[in-house]
1. Is there any pair with a first residue in segment 72-94 that is at positive phi and a second that is assigned to a helix (DSSP H, G or I) whose Cβ atoms are under 7 Å apart and which are 6 or more apart or on different chains, and what are they?
2. Evaluate segment 113-124: report whether one residue or more is touching a strand residue (DSSP E or B) at 6+ places or on another chain (Cβ under 6 Å), at pLDDT 95 or above and part of a strand (DSSP E or B).
3. What is the residue count in segment 220-246 for residues that are surrounded by fewer than 22 Cβ atoms within 10 Å (Cβ to Cβ) and outside any helix (DSSP H, G or I)?
4. Pairs needed: first member in segment 278-305, on the phi > 0 side of the Ramachandran plot and touching a residue at least 12 places away in the same chain (Cβ under 8 Å); second member anywhere, part of a loop (DSSP other than H, G, I, E, B) and of a type outside the set (Val, Ile, Thr); C-beta distance under 8 Å; at least 6 residues apart or different chains.
5. Has segment 247-270 got at least one residue that is assigned to a helix (DSSP H, G or I), under 24 Å from Ala336 (Cβ atoms), at pLDDT 95 or above and touching a Cys at 6+ places or on another chain (Cβ under 9 Å)?
6. Can you name the residue in segment 114-149 that is in contact (Cβ under 8 Å) with a residue 60 or more places away in the chain and hydroxyl-bearing (Ser, Thr, Tyr) and is also farthest from Val286 (Cα to Cα) among such residues?
7. So which residues in segment 56-83 are within 29 Å of Ile277 (Cβ to Cβ) and in contact with a Phe, Trp or Tyr (Cβ under 9 Å, 6 or more places away or on another chain)?
8. Hey, does segment 93-100 have a residue that's part of a loop (DSSP other than H, G, I, E, B), crowded, with 16+ Cβ neighbours inside 10 Å and of a type outside the set (A, V, I, L, M, F, W, C)?
Amino acid sequence: MKHISFIVFIFITMQAAGQVAQPGSKFAAIVANYAATKGFSGSVLVAHKGKIIFSKNIGLANRQDKISISPVSKFKICSITKTFTATIILQLMEEGKLDLNQTIGSYLPGYNGEARDKVALHQLLTYSSGIENADQGSEAMYVLQMPVDTIIARYCSGKLVTVPGKQMNYKNAEYIILGKIIEKITGQPYEIVLNQRILQPLKMHNSGYLKNKDIIVGLVSNYLTDSTGKFYNDDPYWIENFYASGSMYSTAQDLLQFDQALFTNKLLKKETVQLMITSYPELWGVAYSFWVNEQQFGNTTTLVMDRRGSISGANTAWYHFIKENKTIIVFSNSNAADVVEIREKIAAALLN
């Protein structure tokens, strides 16, 4: 009898161990913990070679109507937009329509800033133009709807505060200028070029360029929290003012489509992707639009592409492990939980 009981005990123990070892369970535990303790709501996706190995959508897309977040919930992806802009610039370079070593004035002769004949496109791509950081923290950038030309004149045409190419100073100005260069070269609005060159070919049907007037089915509402954890509606602002630097929306699965197309050379030639992910240690490891560095996760050190985005209650984080072709995407529609911290914990679990 004791022998039978021992066998049953072993069987149950093995079953429990098998449940813990199920694919994605370690990721699910991380997400559940942040949802329970920090109020995280959003979408989390983990993939290997483009195959989704974990996907979780948790929390509320709209708190007033208690609508849950789903796989097709659309999030503002903020500065992840910059990677799409950089990709289009590199496509135009491949087509011989621009030269990264040419200056702003070569493509925007009407540009009146000091950087006109001193700053090259390469320096715009690496946030090292030296143009003063005028838009960050500007209330008008949020509360006044402005044409792109006005934004460039007001926030992207200031004096040079550092020597171009010598210092990285992250801001939106460089990518707003790059968006205008795309329009000048193609003769089309940025959003149309974005659709024709990336979103439509990749069938990213749940992604697009956002304007305040647009009604986007499935677009999540954004929220802010106070020190007690109470949720409030996000502050109103004009998302289109961020233009080619931060005005896109997407889903986690759509961004994975872009991730795989980019890193498997479907959007750019192999040598162009290598150029794009070349990092510059003297500029804090920045590459074109994102950062590429050797990072350590637990016992594992690997080469990782890092891109984040944040505007008020919209927060995003994206990792691509270059050698392993593994991807982590975390989207949130509030500031309640730190999406970068969540991504780091998932990365440690994924690589160990």
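1. Once the first residue is at positive phi and sits in segment 72-94, its partners that are assigned to a helix (DSSP H, G or I) give Cys78/Gly246.
2. Looking for residues that are touching a strand residue (DSSP E or B) at 6+ places or on another chain (Cβ under 6 Å), at pLDDT 95 or above and part of a strand (DSSP E or B), one finds at least one in segment 113-124, hence yes.
3. 17
4. Trp284/Met168; Gly298/Asn352
5. So far as segment 247-270 goes, no, none of its residues is assigned to a helix (DSSP H, G or I), under 24 Å from Ala336 (Cβ atoms), at pLDDT 95 or above and touching a Cys at 6+ places or on another chain (Cβ under 9 Å).
6. Filtering segment 114-149 for residues in contact (Cβ under 8 Å) with a residue 60 or more places away in the chain gives 121, 125-128, 141-146, 148.
Remaining after also requiring hydroxyl-bearing (Ser, Thr, Tyr): 126-128, 142.
Details: Thr126: 6, Tyr127: 8, Ser128: 10, Tyr142: 27 Å.
Here the residue is Tyr142.
7. As a first pass, look at segment 56-83 and keep what is within 29 Å of Ile277 (Cβ to Cβ): 56, 71, 74-83.
Listed by number, the residues that qualify are Lys56, Lys74, Phe75, Lys76, Ile77, Cys78, Ser79, Ile80, Thr81, Lys82, Thr83.
8. no
The values are calculated or read from the model by the stated rules, or taken from the named source; none is laboratory data. These numbers were taken from a predicted model, which means no experiment stands behind them. Methodologically, a virtual Cβ is constructed for each residue, glycine included, from the backbone with ideal geometry; neighbour enumeration extends over all protein chains shown.
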